1. Taking the stretch 1-42 only, how many residues are at pLDDT 95 or above and of a type in the set (D, E, K, R)?
2. Restricting attention to the stretch 6-54, report how many residues are among the aliphatic types (A, V, I, L, M) and part of a loop (DSSP other than H, G, I, E, B).
3. Which residue pairs have Cβ atoms closer than 6 Å, lie 6 or more positions apart in sequence or on different chains, and pair a first residue in the stretch 20-47 that is over 17 Å from Phe10 (Cα atoms) and surrounded by fewer than 12 Cβ atoms within 10 Å (Cβ to Cβ) with a second residue that is of a type outside the set (Lys, Arg) and modelled with pLDDT under 95?
Amino acid sequence: MKEKSKTERFEMRVSPIFKQLIKKLAEKNQMSPPQYLESLVRREAENSDIKIED
């Protein structure tokens with residue numbers, strides 16, 4: 001049986017305006033805010049040729 005991906009909680013403080021922007025951009029892309037932020041980080045890592053082994 002394949003192991004489930006382990007996740008960790010990551011918290012950060014942001015201004016209310018930044019929080020609203022994240023929510024609206026996530027909605028526009030039909031994602032939850034955490035999914036949207038993860039997709040941004042993954043895309044940036046790919047563009048910067050940064051690799052992390054699973």
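1. Counting residues in the stretch 1-42 that are at pLDDT 95 or above and of a type in the set (D, E, K, R) gives 6.
2. Summing the residues that are among the aliphatic types (A, V, I, L, M) and part of a loop (DSSP other than H, G, I, E, B) in the stretch 6-54 gives 5.
3. Sorted first by the residue in the stretch 20-47, then by its partner, the list stays empty.
The values are calculated or read from the model by the stated rules, or taken from the named source; none is laboratory data. Note that the coordinates shown come from a computational prediction; the quantities given were computed from them, not determined experimentally. Cβ atoms come from the backbone with ideal geometry, glycine included; neighbour counts cover every protein chain shown.
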